[in-house]
Structure formats: C-alpha cells, structure tokens
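What follows draws every value from the coordinates through simple rules; no lab data is involved. These numbers come from a predicted model, not from an experiment. Glycine gets a Cβ as well: all are built from the backbone with ideal geometry, and neighbour counts include every protein chain shown.
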Amino acid sequence: MAANKISLADWQAQMKPEGQTAAVQTDANLVYSTDSGRITSDNTARKPTGEAFSDGAVRIRRETKGRGGKAVLTISGIAKPHDELVQLAARLKKKCACGGAVKDGVIEIQGDKRELVEQFLKAEGFKTKWAGG
C-alpha cells in the first residue's frame with residue numbers, strides 16, 4: 001500500500017500535460033473537492049419537473065408563512081417539464097400583472113389573485129382545487 005503513495009508535487013507533475021499548468025487542467029478521476037463536496041460524473045444540472053396529484057387536479061394554495069406576511073399563491077400538480085412551467089408562469093404573471101417564479105416544479109405568483117389564476121388555468125384546460133387557507 002505504501003508503494004502507491006506519492007507526493008503532491010509528483011502527482012501534479014503526472015497529471016499535467018507537457019506545457020500546461022496544473023491549475024488549468026481538470027482531473028476526471030477527482031472524487032472529492034473541498035469546494036463543492038463529492039463530484040459526480042454527471043455534471044448536467046437537472047431541472048425539476050412538476051408532479052401531478054393522483055386525482056389530476058392542480059392545487060392553488062395561498063401561503064404567507066415565511067414570507068414576511070405577504071401572500072403568495074403556489075400552484076402545484078402540473079406535470080410538465082421545467083421549460084413549459086416557466087412559459088406557463090410567464091403567461092400567468094402577465095395575466096395577473098404581478099411577479100412570480102418557478103421553484104422545484106411549483107409556480108409561485110405574488111399576491112392573492114386566486115380567482116383570476118383559477119379562471120386562467122381552467123381556460124388552459126386544467127382541473128383546479130383550492131388548497132389551504
């Protein structure tokens with residue numbers, strides 16, 4: 001086992017090609033980094049998609065907890081890819097004349113515009129339910 005140990009300088013010399021510094025080269029065999037923890041071979045960031053509920057309804061929930069008392073509508077249960085959720089959120093924000101975002105497959109709309117959001121989603125062909133307060 002002791003034969004496999006080498007110094008850091010020797011390891012860096014082995015890893016860099018001729019004429020290239022060690023700081024420029026990336027190591028495919030690196031399994032741990034103090035910067036970001038474990039490094040996986042799949043570096044593609046997966047964007048979450050929405051998940052549908054078993055009854056097929058889209059849930060419209062009004063939340064204020066953890067948001068400084070301000071009302072935010074969360075719309076969950078839309079089983080579409082992230083890009084389509086972003087486009088739907090953009091149309092919703094234009095219709096409601098407010099801000100919002102898509103986080104973890106859930107659309108967030110600022111303000112309490114449940115009726116307007118419900119009408120819009122029904123016009124888009126979704127079955128809706130109000131959830132929470």
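Each Cα pair under 8 Å and six or more residues apart adds its separation to the average, and for the stretch 61-110 the resulting relative contact order is 37 percent. Full extension of the segment from Lys95 to Glu51, taken as 0.36 nm per residue of separation minus the current Cα-Cα distance, would add 13.5 nm.
Projecting label points 7 angstrom from Cα along Cα→Cβ for Trp11 and Arg62 puts them 5.8 nm apart. Cross-link pairs exceeding 21 Å between alpha carbons, from the set Lys94/Lys122; Lys65/Lys95; Lys80/Lys122; Lys65/Lys113; Lys65/Lys94: Lys65/Lys95; Lys65/Lys94.
In this structure the amide hydrogen of Lys80, modeled in the peptide plane, comes within under 5 Å of the amide hydrogens of Gly50, none closer than 5 places in sequence on its chain.
Just flag the GluC sites (Glu not before Pro) in the stretch 57-133 sitting in loop per DSSP whose Cβ has no more than 14 other Cβ atoms within 10 Å.
Qualifying residues, ordered by number: Glu124.
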